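What follows is a single structure, written as structure tokens, with notes after it.
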Amino acid sequence: MKYADYYAALGVERGASADEIKKAYRRLAQKYHPDVSKEPGAEARFKEVAEAYQTLKDAGKRAAYDALGSRPPGEEFRPPPDWARQHGGAGSDHFSFEDVDFSDLFSSFGGARGAGRGGPLPGQDFEVPVELSLEDAFRGTTLSLSLSMPEYDASGQLRRTPHTVKARIAPGAVDGQRLRLPGKGGKGFRGGRDGDLYLDIALKSHRLYRSTGHDLFLDLPLAPWEAALGAVVEIPTLSGPVSLRVPAGTAAARKLRLGGRGLPKPGGGAGDLIAVAQIVVPAQIGDRERGLYQELAEASGFDPRRHFAAEGA
Amino acid sequence: MNIETEVLWLDEHRVVSLRELIELSGLHETELLELVHSGAIPASGSPGAGYSFSARVITVARTACRLRDDFELDTRGLSVALRLLERVRGLEEEIARLRAELPR
């Protein structure tokens, strides 16, 4: 297994007092806790900090950790043969550290093999972020998740166990949707219930649409004459193209709503697709177009900035 | 092993009981009731008839349990933290909606 330096994770000396360790943990938890921090990498950093604190705050676990000696972080090593027995870890002299993750080594102390000896222990719950494309959220999809979960073995030591979970996601997931897969977390020990798996859905950004809840926004570029005269244009939707009538005199930023063309709602119905008008002009125009624009400019009495003068005068 | 599994949506279409919420969140009954009474965890029903909760609340209650364990907060601290997190969530949703409305 790979060694982790718990003192370095908390930024304290090896001889730090229990109070210093607690203060260091509190300071780092406030900075990196995933429920309150938006810093990139906060969740991974908090895991390190919490793992270190869980071990170092407990005098027995800290003594067991210290007995492993000081090594460079990440160094492959194996605890001494009698280490587990001396520190109340393993239930058997033949205990093997094969496939044991360092982060799970101390979690078992005082759990399956310690204070909870004999009683049932529930499996752990897990939360997993999942990214879905807008198309998959619209149509529904089947996810196949490969996960590695710590589970108690027969001797009560936690070991990483690979799992594949297949889950059918019905149409209509939105950004931030949470799903619960009962019993698909870590296995319970000695009759404890199995943990749950929670999926935290995020929708990937899309080339055309921006989603908010079940509604979708789409930029609708219009030529000046389409906006002025009105037009029937073809709009792409997630269920295929539809025709949209753009009213004459459509200004930029006007929202044209296509009811029920957004993401389906689990309780029935669907959100809307909202096309936001944009007036666009070609970067280069030919002589004939230039002439027509000039003719229009001379013929029109339209002043789009009349309100400037009214306020500024 | 590949077994297709039950998927429960944690949204307003699904309702959970007080008992289920205690089991799923890891909070104690007294803590959960204090958070309900303080308004930090929304519930339907009354103390006499019993409470029920939108499944959406499971996420809030699990967050409360994590904050309790990781920051050693009591229910008054949890109540303040949950209200502020809910306000942040509401504001983030509003920003996301306004951004979605803006042309690219």
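The values are calculated or read from the model by the stated rules, or taken from the named source; none is laboratory data. Given the structure is predicted, the values throughout are model-derived calculations rather than measurements. Note that we place each Cβ from the backbone using ideal geometry, even for glycine, and neighbour counts take in every protein chain shown.
Remarks
- Single condition B:Arg68 does not satisfy, out of (1) in contact with a Gly (Cβ under 8 Å, 6 or more places away or on another chain); (2) surrounded by 17 or more Cβ atoms within 10 Å (Cβ to Cβ): (1)
- Restricting the range A:241-293 to residues that are over 18 Å from A:Glu135 (Cα atoms) and β-branched (Val, Ile, Thr) leaves a set whose member that is surrounded by the fewest Cβ atoms within 10 Å (Cβ to Cβ) is A:Val281.
- If the condition is being of a type in the set (S, T, N, Q) and buried (at least 18 other Cβ atoms within 10 Å of the Cβ), then the range A:177-209 contributes only A:Gln177.
- Single condition A:Gly213 does not satisfy, out of (1) out of contact with any helix residue (DSSP H, G or I) (no Cβ under 8 Å at 6 or more places or on another chain); (2) touching a residue at least 40 places away in the same chain (Cβ under 8 Å); (3) on the phi > 0 side of the Ramachandran plot: (1)
- Contact map, the range A:35-57: first residue acidic (Asp, Glu), second residue surrounded by 14 or more Cβ atoms within 10 Å (Cβ to Cβ) and assigned to a loop (DSSP other than H, G, I, E, B), Cβ cut-off under 7 Å, separation 6 or more or different chains; pairs are A:Glu43/A:Pro34.
- Filtering the range A:133-165 to residues that are within 13 Å of chain B (Cβ to nearest Cβ) and surrounded by 15 or more Cβ atoms within 10 Å (Cβ to Cβ) leaves A:Leu134, A:Ala137, A:Thr141, A:Leu143, A:Leu145, A:Leu147, A:Thr161, A:His163, A:Val165.
- Among the candidates A:Ala90, A:Ala115, residue that is at pLDDT below 65, small (Gly, Ala, Ser), more than 28 Å from the chain's Cα centre (by Cα) and surrounded by fewer than 16 Cβ atoms within 10 Å (Cβ to Cβ): A:Ala115
- Given (1) within 21 Å of A:Gly259 (Cα to Cα); (2) facing chain B (nearest Cβ under 8 Å), number of the condition A:Pro171 does not satisfy: (2)
- Selection count where residues are touching a residue at least 24 places away in the same chain (Cβ under 8 Å) and outside any strand (DSSP E or B), scope the range A:270-308: 4
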